[in-house]
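Just so it is clear, none of the values below were taken in a lab; they were calculated from the coordinates. Just so we're clear, the structure is a prediction, and the values are computed from it rather than from any experiment. With ideal geometry, Cβ positions are generated from the backbone for all residues, glycine too; neighbour counts draw on all protein chains shown.
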């Protein structure tokens, strides 16, 4: 279960972190902190996502993929189930 079952994957963070042997996060050169607010007091994190997708575009690893999924670290996710519907 999780992103490691995908044909290709990448992890992004504000610093390079070795999460397991051979599993290192890619760096986003941006402040990862955001304010809370808006009508529903949610994370105002548009700037973080823009920085993430700029880095994804720059890395270009997605170019051979048919689809791209952003998954949060606390998501329980089964790629094979999603792939069935795509």
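For the stretch 25-81, taking the residues that are over 20 Å from residue 7 (Cβ atoms) and touching a helix residue (DSSP H, G or I) at 6+ places or on another chain (Cβ under 9 Å), the one that is surrounded by the fewest Cβ atoms within 10 Å (Cβ to Cβ) is identified as 29.
Please name all residue pairs, on different chains or six or more residues apart, with Cβ atoms under 7 Å, provided the first residue is in the stretch 8-36 and is at negative phi and touching a residue at least 40 places away in the same chain (Cβ under 8 Å) and the second residue is surrounded by 14 or more Cβ atoms within 10 Å (Cβ to Cβ) and assigned to a loop (DSSP other than H, G, I, E, B). Filtered contacts from the stretch 8-36: 12/25; 12/28. Would you be able to say whether some residue in the stretch 48-57 is in a strand (DSSP E or B) and closer than 25 Å to residue 86 by Cβ? Checked the stretch 48-57: no residue is in a strand (DSSP E or B) and closer than 25 Å to residue 86 by Cβ.
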